[in-house]
1. Any aspartates and glutamates with Cα under 14 Å of the Lys177 Cα? List them, leaving off those in the same chain fewer than 8 positions away.
2. If you stretched the chain out fully between Ser33 and Asp331, how much longer would it get, using 0.36 nm times the residue separation minus the C-alpha to C-alpha distance?
3. Given a cut-off of 13 Å, what percent of all Cα-Cα pairs of the range 212-260 lie beyond it?
4. About its Cα centre, what dipole magnitude does the chain give when the only charges are +1 on Lys and Arg Cβ and -1 on Asp and Glu Cβ, stated in debye to the nearest 20?
5. Take Thr207 and Asp94, extend 7 Å from each Cα along the Cα→Cβ direction, and tell me the distance between the two endpoints in nm.
6. Compute the length gained on full extension between Ala370 and Ser114: take 0.36 nm times their separation in residues and subtract their Cα-Cα distance, giving the result in nm to one decimal.
7. Tell me the mean residue ellipticity at 222 nm calculated for the chain from its helices only (DSSP H runs of n ≥ 4, each -39500 (n - 2.57), averaged over every residue, nearest 500).
8. On the first, second and third principal axes, largest extent first, how far apart are the outermost C-alpha atoms of the range 148-209 in Å?
Amino acid sequence: MSPSSLLGAMGVDTPTATPGFENLVGDAEVFFSEHFNKKPLLRRGVLEGSVRNLVSLRQLDDVVAMEAVSPSYLRIAKDGRGVPSRAYTRTVTDHGAALAEAVVPEQVYELFRSGGTITWNALNHFLPSARHLVQVFTRMFDSPSEVVAFLTPAGKDGYAPHHDPVDVYVIQIEGTKNWRIWEPMAERGADKATYRSEDLGAPVIETILRPGDVLYLPYGTPHAAAAKAEVSLHLSVTVEPRHWRDVVAETVRHLLQEAEFDGLPHLGSVAASDGAGAHGSAAAFGGMLRLLADRLEEVDPIAETTRLAAAGRVRGGAGRSREFERLASVDVLAPEALLRRSAVPLEIGPSDGMKSGLLVNGHRLAVPDAVANTLRDLENGNAVAAARFFPGVPEARSLHAAQRLARLGVLEIADHMRS
Ligand SMILES: [Fe+2]
């Protein structure tokens, strides 16, 4: 399946304010064949007019004023060095007991006024628009992603030339920033590293980013950025590259959870040889390797790829739930509302002649056989109106039964399936 058809198949669901992947990088097939993991991509003005929906200076003012946003999300660099957090934090106390560290807005502003660059790591942990943006990337790459905001005062260098160990998608929000980008090193480093400009030679790209511009840098691409005549705000969406060695290692780690690998060898016994020529723990180790090879042979590649993809999406900072909204909509369920089975696993037990047992999310309950039959029917992807969920009873009773199962997550309202 091509990346662009993947987008549709994944049913990417984001508010209209959130750009889709192709809004950022253009045609996904072209992006993956020509740029992804190969060379930088610069797209001019693609988010012009809508880019402040992602984040605005006003929102960052609000974030600085929020005591609950931990100072550990904030970093300030000045004159090329990190400013210790004690320069802009205070301890919040409750009846004399230390409760938490909080940012002191005026000290942050003073550091910014005197030339400090301010960085919010993982903006997606507390700003909903950034969380929506991250979701576009985690769904596309099945890999952890974060949104980092960089706010640089006019005329200041942000960071010295360096490369990052992650793919970076830069979105310029406010002001302008001068970027210099060099060819990735022949040996692409997996760790962050800094460079001296004179060692890098002439940049391959030297450009000024303006609000709405998007720049993609494959991991390991050396770059440096400096604000021009105005304050500059840009977002960097980072995506961790998952190499074959990473995903294969995850599969092996998963298989090694089995009890048959629980044994505790004494590796030192490798030197002890018995009469038959076998070498203690070395022979046992060989047995373990053969066992692992057998288990690897049994892995279903399709099921395992699905598991690995799902595992890549569930790291902190990307999830988003609508449980309060969902429960509120169940409370006002209309008789004509169409209901479907959700993805929540459900076991339907045998009937005792009147009722059948259900097991869902650790809850056991008994429902009339007519309800169990409706649930079996819905397993095929069908939908049923709430008023007819429990056939043969008055509408109000059917509605009540549907609400009970919807609250447990067994049913979802068809119209709300992707909200
Ligand atoms: Fe960087």
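1. Lys177 reaches Asp157, Glu206, Asp213, Glu230.
2. Going from the current span to full extension adds 102.4 nm.
3. Details: 870 of 1176 pairs.
Of all Cα-Cα distances in the range 212-260, 74 percent exceed 13 Å.
4. Values: 43 positive and 52 negative charges, 165 e Å.
The calculation lands at about 800 debye.
5. 5.0
6. Working: separation 256, 0.36 × 256 = 92.16 nm, distance 7.21 nm.
Result for the pair: 85.0 nm of gain on full extension.
7. On the way: 12 runs with 124 residues, N = 419.
Helix contribution divided over all residues of the chain: -9000 deg cm²/dmol.
8. 34, 24, 16
The values are calculated or read from the model by the stated rules, or taken from the named source; none is laboratory data. Only a predicted model underlies this, so the values are computations on that prediction, with no experimental measurement involved. Glycine also receives a Cβ, built like all others from the backbone with ideal geometry; neighbour counts cover every protein chain displayed. Ligands, DNA and RNA are stripped out before the accessible areas are found, and what is left, the full protein with its side chains, is counted by its heavy atoms. Shrake-Rupley method; radii C 1.70, N 1.55, O 1.52, S 1.80 Å.
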